[in-house]
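The values are calculated or read from the model by the stated rules, or taken from the named source; none is laboratory data. In this text the structure is predicted, and so the values were computed from the model without any measurement. Here the Cβ is made from the backbone with ideal geometry for all residues, glycine too, and neighbour counts use every protein chain on show. In case anyone asks, the SASA skips ligands and DNA or RNA and just uses the protein heavy atoms, side chains included. Shrake-Rupley method; radii C 1.70, N 1.55, O 1.52, S 1.80 Å.
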Amino acid sequence: MFKQILSFKEISDLSQKKENLIKAYPANSYIRLGEMLINDNDEYKNEISINLQFSQNSSLQPLLEGKVIVNLSLKCQRCLGPIDWQDKIIISIVFDEDKNEQANNQSQIDKIEIGDEGISIQKIVEDEILSTMPMSVMHKSIELCENIDTLSMFLSTSLDKTKEESKNKPFSELSDMMNKDHEEF
């Protein structure tokens, strides 16, 4: 049920039965999320625990509510070492059949329209996780990075190169300006 594509009718049937979806999944089973993970041997990392329930709202539309607990080991953007990231995501989504009609102006409700092709609960959960992840994952301070020696050596070398380049050509900007003035005449 979690990985398969469900039609509106199937989701409606699950909501009438008040079906539960409680399971822990490895995070690398999510295609887009797997690219950002570091494979640790720790069995409790890179796991996504799902506790969702199908039900119906007051207007008898299918509803998916619950929480997703995320425990991931992500790559630091500086040192490429592991960073532990945990989060608890609350999900509350109303499903609507796509009838090519204008949607009502109810901005407080998260609505997903399901067309003829159906929808995957796994993709919804993956989208929710990706939307809550930090944009650039880094250790809080550079001292926490794993490869601090290599990183500091790289940073100091690139800074030294920049200083050397500007040191050897102190009037480079002036000569560029002079060349522009002569070209105008």
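Per the listing Ser49, Ser131, the residue uniquely in a strand (DSSP E or B), open to solvent by 20 Å² or more (accessible area, probe 1.4 Å), at pLDDT 80 or above and over 20 Å from Phe8 (Cβ atoms) is Ser49.
Just to be sure, is Glu47 among the acidic types (Asp, Glu) and under 16 Å from Ile129 (Cα atoms)? So Glu47 fits the description; yes. Ser92 passes every criterion in (1) touching a residue at least 60 places away in the same chain (Cβ under 8 Å); (2) in contact with a strand residue (DSSP E or B) (Cβ under 8 Å, 6 or more places away or on another chain) apart from (1). When the criteria are applied in full, Gln77 meets the requirement of being over 14 Å from the mean Cα position of the chain (by Cα), open to solvent by 80 Å² or more (accessible area, probe 1.4 Å) and modelled with pLDDT of 75 or more. Can you find even one residue in the stretch 31-41 that is of a type in the set (Asp, Glu), over 23 Å from Cys145 (Cα atoms) and open to solvent by 40 Å² or more (accessible area, probe 1.4 Å)? So far as the stretch 31-41 goes, no, none of its residues is of a type in the set (Asp, Glu), over 23 Å from Cys145 (Cα atoms) and open to solvent by 40 Å² or more (accessible area, probe 1.4 Å).
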